Amino acid sequence: MRLTTARSASGSASSCRGCLKRSSLFGGRINFTNLARFSRFHEQTFRRHFQKAFQWVWFNLTVCRLRRHPEEPVIGVFDCSFLPKSGTETWGLDQFFSSLAGRSRKGLEVSMLGVVATKRRKALGIDATQTPPDLPADQTDGYSRVDFYLEQIIDLYGELTDLGVSYWVGDGFYAKQKVFSTVTGLGGDLITRLRSDANLRYLYTSAPKDGPGAPKQYDGKIDWSDQKELTRQFDEVGSLPDKPDVRILTTVANSPHFGRDLRVVLLIGSDGEHVILASTDTSQHADEVVRYYRLRYQIELLIRNAKQHTGLSHCQARSQEKIDSHLNMSVTVTNLLRLLAQKAGCSKRTYRREAYNRLLIGHLFAKLSLSAEYDRMDPRIQSVVRTGRMAV
């Protein structure tokens, strides 16, 4: 059952803005070679400027502050994505899990951190960091990829808290002791998905029994296959608005593995299949837990848009610095593309097409030695600009 509905050094900001503008105008792969074909700059110019640092996090946070309504809650979201990469000399090459292939493949991985506006249901990417090679995928002791992902949250936690982020949402991969401890230790709350056979136990809520010994705390392990017991022990709060056949049940239960009480939300479909969500905020309403977890998919949509429109997986670079610039530039351009397309009232693909048409018109006027100043709002010009426009 699917629930879908470093960067502080100064660089050449003007050249970065030029790259940002051109990277979404044309078809084909978005790499150094193709950028040069549509620009007056040489390919080596792009290579040099991609090696310079730019304050991507600051830029994205500024866009977020300008676009955010002060009364609208925002949540922090994080996810990883596999990027195919050929060759043998690229920094960061390793075996990473590819959801498309359903197995580990050789390539790169980007760890994405973003925020989602909970009313408008829109995500903004804040930081894209490449996962280093030669780190174990997961281990209890020692430094692993999970520790690296958490460092990204720790580094930006204060800035995102200033935006009003208090809930952090990750998929079932992040349901780990390290993640729970780190997020709650920073003062936030984690919402994630648990295994379908999660080891949880009911809290004892009856009157304490007389006699010696410590008071009874727990009332047995939760049996996820016993529908009658689940209905009796859990509180039913309704159903999904867009899927009335999916029931929502909730309770506060204890996790021996994570060593804490959790707000547990159980979603049961008409076929008996179930999904278990959990929040470290035991007072949080079940509907909000479900809604915030479903909003997590907005970061996946942002990653998909970055791959489709701004060349997230088209990187031609091999050094760590250039790859970092490419990843963050792709995410930043995706943020701007979504905002500009929304303002223009068209799809992202249509906005790209019209931007390319405007570029082509400008080149045509320049090559024909026509006046550089032409009326862009002229209906004849606009009809050319709108060539290839798709319905929203």
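The values are calculated or read from the model by the stated rules, or taken from the named source; none is laboratory data. As the structure is a computational prediction, the values presented were derived from the model and not from experiment. Backbone-built Cβ (ideal geometry, glycine too); neighbour counts: all protein chains shown. Heads up: the accessible areas ignore ligands, DNA and RNA and are worked out on the full protein's heavy atoms, side chains in. Shrake-Rupley method; radii C 1.70, N 1.55, O 1.52, S 1.80 Å.
Some points to look at:
- Of all the numbered requirements in (1) over 19 Å from residue 126 (Cβ atoms); (2) open to solvent by 30 Å² or more (accessible area, probe 1.4 Å), residue 341 misses one, and that requirement is (2).
- Failed item in (1) out of contact with any Phe, Trp or Tyr (no Cβ under 9 Å at 6 or more places or on another chain); (2) over 30 Å from residue 253 (Cβ atoms); (3) not in a helix (DSSP H, G or I), with residue 318 passing the rest: (1)
- Residue that is open to solvent by 40 Å² or more (accessible area, probe 1.4 Å), touching a Leu at 6+ places or on another chain (Cβ under 7 Å) and assigned to a helix (DSSP H, G or I), where the choices are 178, 228: 178
- Take the conditions (1) touching a strand residue (DSSP E or B) at 6+ places or on another chain (Cβ under 6 Å); (2) more than 30 Å from residue 177 (Cβ to Cβ); (3) modelled with pLDDT of 90 or more; residue 270 misses just one of them, which is (3).
- Within segment 95-121, being buried (at least 20 other Cβ atoms within 10 Å of the Cβ) and among the charged types (D, E, K, R) holds for one residue alone: 109.
- Against the criterion of being of a type in the set (Asp, Glu) and either in a loop (DSSP other than H, G, I, E, B) or loosely packed, with under 15 Cβ neighbours inside 10 Å (or both), residue 324 does not qualify.
- Tallying residues that are open to solvent by 40 Å² or more (accessible area, probe 1.4 Å), under 30 Å from residue 34 (Cβ atoms) and either under 17 Å from the mean Cα position of the chain (by Cα) or among the basic types (Lys, Arg) (or both) within segment 68-84 yields 0.
- Count of residues meeting criterion [part of a loop (DSSP other than H, G, I, E, B) and of a type in the set (Ser, Thr, Tyr)] in segment 336-371: 3
- Pick from segment 235-290, criterion polar (S, T, N, Q) and under 23 Å from residue 221 (Cβ atoms), ranking: surrounded by the most Cβ atoms within 10 Å (Cβ to Cβ): 279
- Scan of segment 128-141 for residues that are within 30 Å of residue 65 (Cβ to Cβ) and either exposed (fewer than 14 other Cβ atoms within 10 Å of the Cβ) or in contact with a Gly (Cβ under 8 Å, 6 or more places away or on another chain) (or both), ordered by number: 130, 131
- Of 277, 302, all but one fail to be assigned to a helix (DSSP H, G or I), at pLDDT 95 or above and in contact with a helix residue (DSSP H, G or I) (Cβ under 8 Å, 6 or more places away or on another chain); the exception is 302.
- Checked against (1) touching a strand residue (DSSP E or B) at 6+ places or on another chain (Cβ under 7 Å); (2) over 14 Å from residue 262 (Cβ atoms); (3) surrounded by 14 or more Cβ atoms within 10 Å (Cβ to Cβ), residue 220 passes all but condition (3).
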